[in-house]
Amino acid sequence: MVRLAGIPVADKTSIFGSGVALLLEQEHQIDEVRSVDADWETEVRSDGPYIVARGRSAGTNAAETFAAGYEAAQKGLDLLSLTGKADLSIRDAMNESLVWWRADGAQVLRVISAVRMGVSITAEAEVRDRFGSLRGCLRRVRIGDQELLRWCEKARNCCESGPA
């Protein structure tokens, strides 16, 4: 059996064959297991930043299980809020989660962890004719690397037409 912050997940002997573990936005002091419908239960523990939703009806793949588990987790959080125990929300569900289900007699556990990062590329080029003179047609450019190749082709054609 796998445990996440003390909460059982992905136990192939459990009646719950599928589920998700999602990060919570807020810290809390709640320790609770709650049935949200006939097939799903949720669990939060004060010593971990997760909500776990476990389901009896297993999805056949990650997408089905994630969708059903996410909905169950939201219902569990709604019930915590309605009873006045805590107002909690899920963060980065699509980028940080665990999903598990049963397939072909085995327990499958998928860890989803995506990092967002930006990449910026700057290029500068000078176009000179065969005599080394700086061409007036295109002196300097800052563009992405794919466009730079097309620009160089245009610049070569411009330079072959003769001095400026």
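Readers should treat all values here as calculations from the given coordinates under stated rules, not as data from a laboratory. Quick caveat, the model's predicted, so the values are computed rather than measured. We place every Cβ from the backbone using ideal geometry, glycine too, and count neighbours over all the protein chains shown.
Tabulated values for the structure
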item: Derived scalar couplings ³J(HN,Hα) [region 32-44; Karplus, 6.51 cos²θ - 1.76 cosθ + 1.60; whole Hz; x for Gly, Pro]; result: 7, 10, 9, 7, 9, 6, 5, 10, 10, 9, 10, 9, 10
item: Whole-number percent relative contact order across region 2-113, with pairs defined as alpha carbons under 8 Å at least 6 apart; result: 32
item: Cβ crowding within 10 Å averaged over residues, with 105-118, 8-21, 71-84 ranked highest first; result: 8-21, 71-84, 105-118
item: Rounded, prolate or oblate (a/c below 1.5 giving rounded, otherwise prolate when a/b exceeds b/c) for region 12-55 by Cα gyration tensor; result: prolate
item: Cα Rg, Dmax, region 2-113, angstrom units; result: 12.8, 42
item: Pairwise FRET efficiency - Arg116 versus Asn61, Cβ, R0 = 25 Å, nearest 0.05; result: 0.50
